[in-house]
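Novice: First the structure, which I've put down as structure tokens, then a few questions once you've had a look.
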Amino acid sequence: MERGVKAALFIGGIVALALGGFSGRKAKSGLIRPPGAVDEALFLSTCLRCGQCAQVCPQKAIRIGYGDKGISLGTPYIEPRQAACNLCMDCARVCPSRALRETAKENVRMGLAEINQDACLAWQGDECKICYTSCPFFNRAIQLEDHKRPVVNRNVCAGCGICEYVCIASPAAVTVKAGR
Amino acid sequence: MRRLRDLRVRMYCQSGGGNGESGAVGLRNLRLWRRVVQLTAAGLMTAPGWWPDNPVWLGTYISSRFCGIALTDPLAALEVAIAGKAVVWPLLWSAVPLILAAAVLGRIFCGWICPLNTAFEIAGSFRRKPQRALAGNWQPYWLLGGFLTASALIGLPVFTLISPIGILSRTIAFGAGFEAVFVVFLVCLELWYSRKAWCKKVCPVGALYGLLSRFRRCRISLDTARCTRCGACYAACGMGVDIGSPGKLAVMNCSNCGDCIAACPEHAVSYQWIKRRKGGAAKHEPFESHSR
């Protein structure tokens, strides 16, 4: 077979694979991106997969996706239960392709914290305010109902994941869901 | 350490040997120097792990900050610009130093830096497959066009996504995921199929550097008066370049690694700085093709 034909088939195969298999899933990878990330589809287009954000992160919160993350291979994501973002924005400052953009802390929307009331100690009647006191948007993103039970204010929550990191329940009763 | 000292002693003796070719003789140890550069460059990528906030290095070979200068692989920058349908000026500027380096010095990224090439060469030093002919192999250049088109169609930086150079870089910096199998497979090709099959037959990063270095200043030249047609340079060349040939593909595939210079028993091969005439055409008196 002619070499050019082989090359055309190879490229055609990749195009077919990508158009058929990947593009539908593009906008919902379910990964929590570093702060200041552009929307998921544009992020996957513009992220260079160079890893500078992960290397510069002082919290060591940013991980780099391996092959099991599929199309997000090489892209940065955060697992707040392991290490949470403190919104320092160092990653956005080093990003060469503006897939991460420096954003005011208040405007960061990495995800949204959700409290599982069946697992939350405070909701079960114990004394615990750890998420409430650790939240960087103190008394705004997580507020206390009746001075006891935490509730998330979705207009303020940046999705940084510090609440998930500090939650003393195991598994965490508050988790951050990606994709807002 | 001892090897380094030996090297210094050898270089000293040889340059003192003084039969009027000290410059060329110093290049005898080019291969060792290149290995030092390659391994230092690969080791540098681990630096942010054990020395946070170091002023020297941040990033991987896709994009990095070296001594404060932002550097981005030209192909990755191009793909991201095409896929994102937006021009990010800082990103394009960061590709400029590497583009200029390629335009003047040639594919030095391939020959002196690329970790995948380093892995191939180290594997090849254990078991060397015979050279396969390269003649007329334009496939990487076709693939370069194909990947760029695919990036535009899908809106994803397709090659950057699957690049084994990126995968190996990230493996060095962040540890291995299962995608490292791809790199292992390519290194296995080196052992059981052909030398640098990936570089010669596929790599679009190298193809772009090849295009950029088409009219470079620093080239390998062959002194035909000294050449005995022994073929040692051709056998040494991992890229299968016909040394000294002015052919387009030979010029574009040469990575200026200098293995041929060290291999030549007659000291007939050397780096040559091509001067340009006022009209813009290159003077090429050192290039006299000899067919093999």
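The values are calculated or read from the model by the stated rules, or taken from the named source; none is laboratory data. This one's a predicted model, so the numbers in the text were calculated from it and none came from an experiment. Note that we place each Cβ from the backbone using ideal geometry, even for glycine, and neighbour counts take in every protein chain shown. Heads up: the accessible areas ignore ligands, DNA and RNA and are worked out on the full protein's heavy atoms, side chains in. Shrake-Rupley method; radii C 1.70, N 1.55, O 1.52, S 1.80 Å.
Novice: In whole Hz, with x marking every Gly and Pro, tabulate ³J(HN,Hα) for segment B:149-165 from phi via Karplus 6.51 cos²θ - 1.76 cosθ + 1.60, θ = phi - 60°.
Specialist: Each residue of segment B:149-165 in turn: 4, 4, 4, 5, 6, 8, x, 10, x, 4, 6, 4, 5, 9, 3, x, 5 Hz.
Novice: Right, something else. With a 1.4 Å probe and every protein chain left in place, work out the accessible area per residue of segment A:40-178 in Å², rounded to a whole number.
Specialist: 44
Novice: Can I ask one more? Could you calculate the FRET efficiency of A:SER170 with A:ARG140 from 1/(1 + (r/R0)^6), where r is the beta carbon distance between them and R0 is 30 Å, rounded to 0.05?
Specialist: Using R0 = 30 Å, I get an efficiency of 0.65.
Novice: Mind checking which aspartates and glutamates have their Cα closer than 19 Å to the Cα of A:LYS148? Skip sequence neighbours fewer than 8 apart in that chain.
Specialist: Answer for A:LYS148, where 19 Å is the Cα cut-off: A:GLU114, A:ASP118, A:ASP126, A:GLU127, A:GLU164, listed by chain and number.
Novice: Okay, moving on. Using label points projected 7 Å from each Cα along Cα→Cβ, tell me how many nm separate A:THR103 and B:ILE274, to one decimal.
Specialist: A separation of 4.9 nm, rounded to one decimal place.
Novice: Where the accessible area of segment A:40-178 is counted over protein heavy atoms with a 1.4 Å probe, how much of it, in %, is carbon and sulfur?
Specialist: Its accessible area is 46 percent carbon and sulfur atoms.
Novice: Ballpark to the nearest 100 Å², how much total accessible area do A and B bury together, probe 1.4 Å?
Specialist: 3200
Novice: Here is a follow-up. Let me know the shape class of segment A:40-178, please: from the alpha-carbon gyration tensor, a ≥ b ≥ c as square roots of the eigenvalues, rounded when a/c is under 1.5, otherwise prolate if a/b is greater than b/c, or oblate.
Specialist: Prolate, since a/c reaches 1.5 and a/b exceeds b/c.
Novice: When the chain is fully extended, how far beyond the present Cα-Cα distance does B:ALA197 get from B:ALA225, taking 0.36 nm per residue of separation?
Specialist: Stretched fully, the B:ALA197-B:ALA225 segment lengthens by 6.8 nm.
Novice: Let me check against my output: what whole-number percent is the relative contact order of segment A:40-178, with C-alpha pairs under 8 Å and at least 6 apart?
Specialist: Reported as a whole number, the value is 23 percent.
Novice: Which value, in Å² and to the nearest 10, is the accessible area of A:ARG140 when all protein chains are kept and the probe is 1.4 Å?
Specialist: Ignoring ligands and nucleic acids, A:ARG140 comes out at about 110 Å².
Novice: Output ³J(HN,Hα) for segment B:233-247: one whole-Hz value per residue in order, computed from phi by the Karplus curve 6.51 cos²θ - 1.76 cosθ + 1.60 with θ = phi - 60°, and x for Gly and Pro.
Specialist: 5, 5, 5, 6, 6, x, 8, x, 7, 7, 4, x, 6, x, x
Novice: Probe 1.4 Å, all protein chains in place: accessible area of B:TYR271 in Å², nearest 10?
Specialist: Accessible area, nearest 10 Å²: 60 Å².
Novice: Between B:PHE66 and B:TRP89, take the C-beta separation as r, use R0 = 22 Å, and let me know the FRET efficiency to the nearest 0.05.
Specialist: 0.65
Novice: How about segment A:50-88: which of its residues lose at least 50 Å² of accessible area in the presence of all protein chains relative to their chain isolated, using a 1.4 Å probe?
Specialist: Residues passing the criterion (a loss of at least 50 Å², heavy atoms only) are A:CYS50, A:GLN52, A:GLN55, A:TYR66, A:LEU73.
Novice: What's the magnitude of the charge dipole for segment A:40-178 around its Cα centre, counting Lys and Arg as +1 and Asp and Glu as -1 at the beta-carbon? Answer in Debye, nearest 20.
Specialist: For this selection, approximately 480 debye.
Novice: Working out 0.36 nm times the residue gap between B:LEU153 and B:ALA47, then minus their Cα-Cα distance, what length gain in nm do you get to one decimal?
Specialist: Extra length from B:LEU153 to B:ALA47 when fully extended: 34.5 nm.
Novice: May I ask which residue of A:LEU73, A:GLN124, A:PHE138 lies farthest towards the positive end of the charge dipole of segment A:34-139, with charges of +1 (Lys, Arg) and -1 (Asp, Glu) on Cβ and the Cα centre as origin?
Specialist: A:LEU73
Novice: Assuming R0 = 25 Å, can you tell me the calculated FRET efficiency for the pair B:ILE99 and B:THR40, based on Cβ-Cβ distance, to the nearest 0.05?
Specialist: With a Förster radius of 25 Å, E is 0.65.
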